[in-house]
Amino acid sequence: MIQVVKSLSIVVIVSAFLGGCGYLLGYNFFAILGITFIGQFIIYDLFSRWRRSGLEIEFRRLENERIKAFSEQGLEVTCPVESCMHKTFVPIIISEDNEYDCPKCNVGVKIYVGTKSFLKTTPIDGDPFEKHNFVTNTDYDN
Ligand SMILES: [Zn+2]
């Protein structure tokens, strides 16, 4: 509320000043006051529109960059339905649940992303994820 009063006061002071200048140049004070009063709102509106469109463009650009970055991070996964086994490239977001609908059999598939660490010197034989449970992120004991 105080901000509005302050802004309006500035608008009135600027209009009165310009009206005074106009009066000294022989124009009607109230005509100049009215025109500059409305003019300031029009200028402010145009300025804020211009600024908003600039911000909008910047926001869209950042959003596009983000989408591009996400689309570059993905995995080729195989559909778990045994009669399908269709391979699809799916974008992966580590911090979120990853799901997709199989484009071939149209079933909903959930993707679990697991990690496993090894000492650099340890040779790895075969598939390191052979006995790995991705749901609990631990190895099956057997
Ligand atoms: Zn499928």
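Read-outs: derived from the displayed coordinates by stated rules, not from any lab. Since we're looking at a predicted model, the values are computed, not measured.
Quick notes on this one:
- 3J(HN,Hα) couplings calculated from phi for the stretch 82-91 with the Karplus curve 6.51 cos²θ - 1.76 cosθ + 1.60 (θ = phi - 60°) are, in sequence order, 4, 7, 10, 6, 6, 8, 9, 8, 10, x Hz; Gly and Pro show x.
- Residues with amide H under 5 Å from that of Asn98, placed H, sequence gap 5 or more: Ile111
- For the stretch 96-106, 3J(HN,Hα) per residue [Karplus equation, 6.51 cos²θ - 1.76 cosθ + 1.60, θ = phi - 60°, Hz, x = Gly/Pro]: 10, 6, 9, 9, 8, 9, 4, x, 8, 9, 6
- Restricting attention to the chain, lysine pairs at least eight places apart or on different chains and with alpha-carbon atoms under 28 angstrom apart total 11.
- A cut-off of 5 Å between modelled amide H atoms, ignoring neighbours fewer than 5 places along the same chain, links Asp139 with Asn133.
- Contact order relative to length of the stretch 75-122, as percent, for alpha carbon pairs under 8 angstrom and 6 or more apart: 26 percent
- Helix-derived mean residue ellipticity, 222 nm - over the chain, DSSP H n ≥ 4, -39500 (n - 2.57), to 500: -17000 deg cm²/dmol
- Note: relative contact order over the stretch 6-115, using C-alpha pairs below 8 Å and six or more positions apart, is 13 percent.
- Extension gain for Asn137 to Leu55 (0.36 nm times residue separation, less C-alpha to C-alpha distance): 25.2 nm.
- Under the Karplus curve 6.51 cos²θ - 1.76 cosθ + 1.60, θ = phi - 60°, whole-Hz ³J(HN,Hα) for the stretch 127-136, x wherever Gly or Pro sits: 7, x, 9, 4, 10, 9, 9, 6, 6, 9
- With Cα atoms, 0 to 90° folded angle of helix 29-72 axis to the chain main axis: 10 degrees
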